[in-house]
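Data block below; observations after.
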Amino acid sequence: MVKCVLGLKSLDIDAYKALLMHGPLTAEKLGEILNRERSTAYRSLQNLIACGIVYRETRSINSGGYYYEYVAIEPQEMKQMVKKNVDEWYSQMNELIEKMDDKVSALVMRMDDEEN
């Protein structure tokens with residue numbers, strides 16, 4: 001259901017699960033865990049960030065420079081996000097259905113006018 005609601009792929013879900021199990025990871029380490037290239041893991045992380053269930057933290061290197069670690073939000077937070085998305089979708093669909101009544105009525109009236 002999460003894949004459908006958030007528009008994710010199976011690999012994205014596997015990446016989220018890996019982050020939950022292992023804690024913060026770099027894209028390279030995640031790729032190793034998933035047995036995928038770093039670039040594939042990175043694309044999956046970007047999908048997870050875009051839908052809001054993973055975020056990126058900057059870590060400093062003692063000798064200078066930095067790197068990124070990716071962190072998964074807690075499952076309860078993700079559950080609330082999915083619920084909110086479903087509730088919003090349901091509300092939008094109800095609005096469209098209500099508007100459909102008006103459009104059907106207008107169409108019927110126009111058809112009646114054309115017949116007369």
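The values are calculated or read from the model by the stated rules, or taken from the named source; none is laboratory data. These numbers come from a predicted model, not from an experiment. Every residue, glycine among them, receives a Cβ derived from its backbone with ideal geometry; neighbour counts consider all protein chains shown. Remember, those area values only see protein heavy atoms, side chains included, never the ligands or the DNA or RNA. Shrake-Rupley method; radii C 1.70, N 1.55, O 1.52, S 1.80 Å.
Quick one: HIS22 ticks every box in (1) of a type outside the set (Gly, Ala, Ser); (2) within 12 Å of VAL71 (Cβ to Cβ); (3) crowded, with 16+ Cβ neighbours inside 10 Å bar one, so which box is it?
HIS22 satisfies all of (1) of a type outside the set (Gly, Ala, Ser); (2) within 12 Å of VAL71 (Cβ to Cβ); (3) crowded, with 16+ Cβ neighbours inside 10 Å except (3).
Return the total of residues in region 42-81 being over 13 Å from the mean Cα position of the chain (by Cα), among the polar types (S, T, N, Q) and outside any strand (DSSP E or B).
3
Considering every residue within region 53-74, establish whether at least one is within 18 Å of MET1 (Cα to Cα) and surrounded by fewer than 13 Cβ atoms within 10 Å (Cβ to Cβ).
Checked region 53-74: at least one residue is within 18 Å of MET1 (Cα to Cα) and surrounded by fewer than 13 Cβ atoms within 10 Å (Cβ to Cβ).
With the checklist (1) in a helix (DSSP H, G or I); (2) open to solvent by 60 Å² or more (accessible area, probe 1.4 Å) in hand, flag the one item SER39 doesn't pass.
Failed condition: (2).
Quick one: ALA27 ticks every box in (1) within 26 Å of MET1 (Cβ to Cβ); (2) surrounded by 12 or more Cβ atoms within 10 Å (Cβ to Cβ); (3) within 19 Å of the chain's Cα centre (by Cα) except a single one, so which number is it?
Against the list (1) within 26 Å of MET1 (Cβ to Cβ); (2) surrounded by 12 or more Cβ atoms within 10 Å (Cβ to Cβ); (3) within 19 Å of the chain's Cα centre (by Cα), ALA27 comes up short only on (1).
Would you pick out the residues in region 42-52 that are open to solvent by less than 30 Å² (accessible area, probe 1.4 Å) and either under 10 Å from ALA27 (Cβ atoms) or in contact with a Pro (Cβ under 9 Å, 6 or more places away or on another chain) (or both)?
SER44, LEU45
Going through VAL82, VAL108 one at a time, which residue ends up being surrounded by 13 or more Cβ atoms within 10 Å (Cβ to Cβ), out of contact with any strand residue (DSSP E or B) (no Cβ under 9 Å at 6 or more places or on another chain) and modelled with pLDDT under 95? Spell out the reasoning first.
Values: VAL108 fails: surrounded by 13 or more Cβ atoms within 10 Å (Cβ to Cβ).
Going through VAL82, VAL108 in turn, just one is surrounded by 13 or more Cβ atoms within 10 Å (Cβ to Cβ), out of contact with any strand residue (DSSP E or B) (no Cβ under 9 Å at 6 or more places or on another chain) and modelled with pLDDT under 95: VAL82.
Which pairs have Cβ atoms under 7 Å, sit 6 or more apart or on different chains, and link a residue in region 1-23 that is under 16 Å from GLU74 (Cβ atoms) and not assigned by the TED database to the domain that holds TRP89 to one that is modelled with pLDDT of 85 or more and part of a loop (DSSP other than H, G, I, E, B)?
VAL2/LEU8; TYR16/ILE53
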